[in-house]
Structure formats: structure tokens, C-alpha cells
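Here the structure comes first, spelled out in C-alpha cells, and everything after it is commentary.
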Amino acid sequence: MKRSFIFVFFIFSTVLLSYSVSFKSSVTTSGGPVTMLELVEASQTDVPKEVLEKIIVAYVPVNSKLSLNKRYLVNLIKKRVGNVEAQIDDMPIVIEAKPQESAVQSATGEVLTVDNITGIVLSELSKRYPEGTQFRLKNQVGQIIDHDNYSVFVQVLNKSSPFVRITLKKGNRTVGYVSLMYEAILVRKVAVASRKIERGEVIGVTDVVYSEENVLALNKVPIFEEDLPLLADKVFIKGEILDMRYTKDVPIVIKGQVVKAYSIVGGVTVSVLAQALEHGYAGNVISVKNLDNGSIIKGTVQQDGTVMVLEVK
């Protein structure tokens, strides 16, 4: 009876730890870093919002497009929360970055003052940014003059530099403007190369240090601690902020690794120890060196890290 209880509890716990996610087919955003939260269907996803906000998946300059593979996105979420169920097809998500604009009209009798203008403007900006974003006023043109209602226009060309224009009105007549330019700041600890990292090397936690940076101002996709390990797809110099666009998932088999190579002959499985001569993902054909006799053979990498030999020598 006790064993049955433990088994049922294990299944129940596994179900609780499984998340589901559904992606949009296309997304329109402003220029700059794109978070996972922007790509998922909120009503069909139970991954916590604060987790999705922290996953930066791409950098898309304003007036440009990018397509992302859904399997790649699911793997990014899995690194944070574990088991994730998702409908993955061959249709990529198309992300288009272009200026985002919106306006809010106040009711008659509502007025701005020196005391409340900052709170009202920051409230509007915060609706468009991840939690924790701070806003620093860089420039203001115009002053508050006598009015009895107003409208707030927000324009985000690039996520790091939102613009706000307030139109002051008296009845239906425009009497003045206040223009404000802000710097949006979202500080995160991002991975920086602690040494020169060659292309094809595995990047682990000992190969990086962390630097606090405004990720909204970076023109790259930063790497966080939970993203590692990764495989470098370019040379990173010491002190360089790592860019996920130039990395890959770590292969199942790493060059130099000792693996079990096997073949099936007449219904009998024969295996030897071999050294991988190149990296390999599941399904890749790679060369390995038989450690018994030194011969070079080719085989297909399996999901469990073994190599099935294509031709027996």
C-alpha cells in the first residue's frame, strides 16, 4: 500500500511540474530585444509570466523581420522550467519590428500638474515593458500650461528610447505640448567571456564572468547563467559580451569524448569503445576512432550518446 502511494505521488508530482505553451504564428514588436512573453499565446500558456519575460530570444532592428524555429524556442523554455509540452510544426514564427504607437485620452476636467505628470507618463510606459524596467528622462521640451484635458501619445521606435508627447487641451482646442524622451533601462547579469573562446568549444560556467548591463540597449541576444552550457559558433575574445546568435546547443557527442560504438551483426550486438573525432547531434553521421585497433569508422549518433556503426570493418 505504501509503495502504491509513493508511485501515485510521483506521477502527480510529474504532472504538476509539466508546463504547456502555445506560440503565435506572427508577432509585431518595436525594434530591439524580443522576449519570449511576446511570442506566446498568453491564454494557452501556464509558464509563469516572470519566467517568459526574462528569456530574450532575438534582437530585431526596427523595420526588419526575423523567423524563429519553434523547437529552438521550446528548448529555451525547458532550460528554465524543465518539462514543456508544445505543438511543434515546421512553420516558423515571423517577428516584424516596426514603430509602435498608441494614444490615451483623458476625460474633461482631468489635468496634469508638476506633481502627477511623472507618475502618469511612467504608468503608460510600464504597460509596454517587462517588469523591473526603469525609465530615465533624457530630455523635455515644453511646459504644463492652463488646460482642462489632455492626451498622451507614446511612440517606441527602439525599446531603449521611448518617446512621449502630451497634448494639452482647453475644451476641443489644443493649447500646448510637452515632449519627453526617455531611456528605458532593464539591468540583467549577462555572460562575458573570461578568456578567448574558440569556435567549436563548449562554453561552461567557468568560461564566463557576469556583468550587469542594460539589456534593452544591447544589439545582441545576451546569454544568462541558466542558458549554459552552449557551443561557440564563432571566436569570442576575452571581455566580450556573449551573443546567443553565435552559439548552438551542446552536441550529444563532443569531439574527443569516449563513446560506445556498436553494430548489429546477425542479430548480435557487438560494441567497442571509440573516441569521437568530431561533434555530433542525434542523427548526425560522425567519424570515431576504434580504441582497440585504431581504425577510423563512421556511425550515426543516437539520442542516448552511443554511436551506431554504419559499416563493420
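The values are calculated or read from the model by the stated rules, or taken from the named source; none is laboratory data. What you see is a predicted model; the values in this text were computed from it and never measured. We place every Cβ from the backbone using ideal geometry, glycine too, and count neighbours over all the protein chains shown. Ligands, DNA and RNA are stripped out before the accessible areas are found, and what is left, the full protein with its side chains, is counted by its heavy atoms. Shrake-Rupley method; radii C 1.70, N 1.55, O 1.52, S 1.80 Å.
Here is a list: V187, V215, V208. Which entry is of a type in the set (A, V, I, L, M) and farther than 24 Å from E38 by Cα? Reasoning before the result, please.
Values: V187 fails: farther than 24 Å from E38 by Cα; V215 fails: farther than 24 Å from E38 by Cα.
Sole residue among the options that is of a type in the set (A, V, I, L, M) and farther than 24 Å from E38 by Cα: V208.
Okay, residues lined up against (1) surrounded by 15 or more Cβ atoms within 10 Å (Cβ to Cβ); (2) without any contact (Cβ under 8 Å) to a residue 24 or more places away in the chain:
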residue: A274; (1), (2): yes, no
residue: G283; (1), (2): no, yes
residue: I297; (1), (2): yes, no
residue: V301; (1), (2): yes, no
residue: L310; (1), (2): no, no
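Number of residues in the stretch 43-66 that are more than 25 Å from L157 (Cβ to Cβ) and of a type in the set (G, A, S) equals 1.
The condition of being open to solvent by less than 70 Å² (accessible area, probe 1.4 Å) and either at pLDDT 95 or above or not assigned by the TED database to the domain that holds L125 (or both) holds for only one of I264, I223, that being I223. Selection over the stretch 90-123 of residues that are at pLDDT 95 or above and among the acidic types (D, E) gives a count of 1. For the stretch 231-252, the set of residues classified as crowded, with 18+ Cβ neighbours inside 10 Å and either more than 25 Å from the chain's Cα centre (by Cα) or part of a helix (DSSP H, G or I) (or both) consists of M244 only.
Do we find that V27 is under 19 Å from V221 (Cα atoms) and assigned to a helix (DSSP H, G or I) in this structure?
Details: under 19 Å from V221 (Cα atoms): yes; assigned to a helix (DSSP H, G or I): no.
It is false that V27 is under 19 Å from V221 (Cα atoms) and assigned to a helix (DSSP H, G or I).
List every residue pair whose Cβ atoms lie under 6 Å apart, where the two residues are 6 or more positions apart in sequence or sit on different chains, the first residue falls within the stretch 118-139 and is assigned by the TED database to the domain that holds V164 and within 15 Å of M181 (Cα to Cα), and the second residue, located anywhere, is open to solvent by less than 50 Å² (accessible area, probe 1.4 Å) and of a type in the set (S, T, Y). These pairs meet every condition: F135/Y182; L137/Y182. Among the residues of the stretch 200-220, those identified as surrounded by fewer than 20 Cβ atoms within 10 Å (Cβ to Cβ) and more than 30 Å from V285 (Cβ to Cβ) are V205, T206, V209, Y210, S211, E212, E213, N214, A217, L218, N219, K220. Only a single criterion out of (1) within 30 Å of A97 (Cα to Cα); (2) modelled with pLDDT of 95 or more; (3) touching an Asp or Glu at 6+ places or on another chain (Cβ under 9 Å) is not satisfied by V215, namely (3). When you scan the stretch 241-252, do you find a residue that is of a type in the set (D, E), farther than 21 Å from Y72 by Cβ and at pLDDT 90 or above, even just one? The answer is no; no qualifying residue exists. The lone criterion from (1) open to solvent by 80 Å² or more (accessible area, probe 1.4 Å); (2) under 20 Å from Y59 (Cβ atoms) left unmet by L228 is number (1).
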